[in-house]
1. Test residue 53 against the criterion of being part of a loop (DSSP other than H, G, I, E, B), free of Cβ contacts under 8 Å to residues at least 24 places away in the same chain and either of a type outside the set (Ser, Thr, Tyr) or within 25 Å of residue 187 (Cα to Cα) (or both), and give yes or no.
2. Here are the criteria: (1) exposed (fewer than 14 other Cβ atoms within 10 Å of the Cβ); (2) touching a strand residue (DSSP E or B) at 6+ places or on another chain (Cβ under 9 Å); (3) not charged (D, E, K, R). Tell me which single one residue 121 does not satisfy.
3. For the stretch 198-219, give me each residue that is farther than 17 Å from residue 50 by Cα and in a strand (DSSP E or B).
4. Of (1) touching a residue at least 40 places away in the same chain (Cβ under 8 Å); (2) within 16 Å of the chain's Cα centre (by Cα), residue 91 satisfies all except one. Which?
5. Can you confirm whether residue 169 is of a type in the set (Gly, Ala, Ser) and closer than 24 Å to residue 309 by Cβ?
6. Of all residues in the stretch 229-288, count the ones that are on the phi > 0 side of the Ramachandran plot and out of contact with any helix residue (DSSP H, G or I) (no Cβ under 8 Å at 6 or more places or on another chain).
7. Just to verify a result, which residue in the stretch 220-267, among those that are among the basic types (Lys, Arg) and closer than 30 Å to residue 197 by Cα, is surrounded by the most Cβ atoms within 10 Å (Cβ to Cβ)?
Amino acid sequence: MTEPVAHPTSTITQPAVTSCAPWKRYQRPYVRDLAYVLACPNVLTKWLNLVPHQVTQTVMVHPRSFWYSQYEAYSARLEELDTTSAYQKLTRYLLARPSPSRLGFHFEGLLSFWLEDGFAHDLHPYEILASNVQLYQGKQTTGELDLILYNHQHQLTEHWELAIKFFMGSYPFDPVNWVGINANDNLARKMTHMQTKQFRVLWVDTPNHGQVKIDKRYAIIKGRFFLPLHYQDFIYPDWLAPHFPLHEWCDKQDIAGLASLDKSDLRRAHYIEWFTKRDFYDGKQKYEAGVDWETSVPATGLYFENDRPIVIYFKQRK
């Protein structure tokens, strides 16, 4: 299996072959999503300490090679899930989890399925000791830890904190400049929250293994990032993984940019397609070629122009 080729320049294109986007080789939608969350690298090449005035624990990120090796080790199982009745196990698992229609919970469900299923099939060394561990201050819940794992290969207890993010970037492309549909949500804020809240925990009570001490902490941040439409001068900062999926977003106030889109092949994505495109939605919700963007501006959200994902977004002016 060929590993994806790096694209370190500013040219952003949708991959044309499955070797650059291996999740495209699968037919069943949840298998595509599962392949995506495995093969997609972490957005970070390194953890950025955005709160240097506080004493916090060391936070690590898995390199791109880690995630691609996990995808390769699990690829035969993905093929089985994609072509046999084993798919029912995946669908039942995901739909039985709380709030399966929320993207963050879907991401957590996909990774949890891989962790449990892959460990049962001896495809990786990670055993789940606890998940969604509640944090308290007195009697008040203040948050939770996503995953507490035991790494049997290195005999270490690891805390994995998860985030799936679909952020629009703007110059100068620092972590604070990557924001979500909710403009209050940005990469810097998410990382600061992780470091000052979840990653401060030293000991965890588990249901079946008693109290365990955390040896290592990992931030698992995946998703997709979107550059301004037709942006030509983007240079990857040293913290941003050069293989992380990058696409484009268009400001709803940019009438010329909107006019450059092919409205006859533009359709709005369903919420779940922030992960991977569902081809069976094609042919629906498309705009008429003669629509005037000045009088019929599309709603904020993710769209597909043929197979090209693009976010239409209202950027508030400062």
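The values are calculated or read from the model by the stated rules, or taken from the named source; none is laboratory data. Since we're looking at a predicted model, the values are computed, not measured. With ideal geometry, Cβ positions are generated from the backbone for all residues, glycine too; neighbour counts draw on all protein chains shown.
1. Working: part of a loop (DSSP other than H, G, I, E, B): yes; free of Cβ contacts under 8 Å to residues at least 24 places away in the same chain: yes; either of a type outside the set (Ser, Thr, Tyr) or within 25 Å of residue 187 (Cα to Cα) (or both): yes.
Yes: the conditions hold for residue 53.
2. Only one criterion in (1) exposed (fewer than 14 other Cβ atoms within 10 Å of the Cβ); (2) touching a strand residue (DSSP E or B) at 6+ places or on another chain (Cβ under 9 Å); (3) not charged (D, E, K, R) is unmet by residue 121, namely (2).
3. If the condition is that a residue be farther than 17 Å from residue 50 by Cα and in a strand (DSSP E or B), then 203, 204, 205, 206, 210, 211, 212, 213, 216 are the ones that fit.
4. (2)
5. Values: of a type in the set (Gly, Ala, Ser): yes; closer than 24 Å to residue 309 by Cβ: yes.
Yes.
6. So the first thing to find is which residues in the stretch 229-288 are on the phi > 0 side of the Ramachandran plot, and the list is 230, 283, 285.
Going one step further and asking which of them are out of contact with any helix residue (DSSP H, G or I) (no Cβ under 8 Å at 6 or more places or on another chain), we end up with 283, 285.
Result for the stretch 229-288: 2.
7. Of the residues in the stretch 220-267, the ones among the basic types (Lys, Arg) are 222, 224, 252, 263, 267.
Keeping just the survivors that are closer than 30 Å to residue 197 by Cα gives 222, 224.
Numbers: 222: 24, 224: 20.
Result: 222.
The rows are residues; the columns are (1) touching a residue at least 24 places away in the same chain (Cβ under 8 Å); (2) in a loop (DSSP other than H, G, I, E, B); (3) within 22 Å of residue 163 (Cα to Cα).
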position: 226; (1), (2), (3): yes, no, yes
position: 234; (1), (2), (3): yes, yes, no
position: 248; (1), (2), (3): yes, no, yes
position: 253; (1), (2), (3): yes, yes, no
position: 256; (1), (2), (3): no, no, no
position: 267; (1), (2), (3): yes, no, no
position: 272; (1), (2), (3): yes, no, yes
position: 276; (1), (2), (3): yes, yes, yes
position: 280; (1), (2), (3): no, no, no
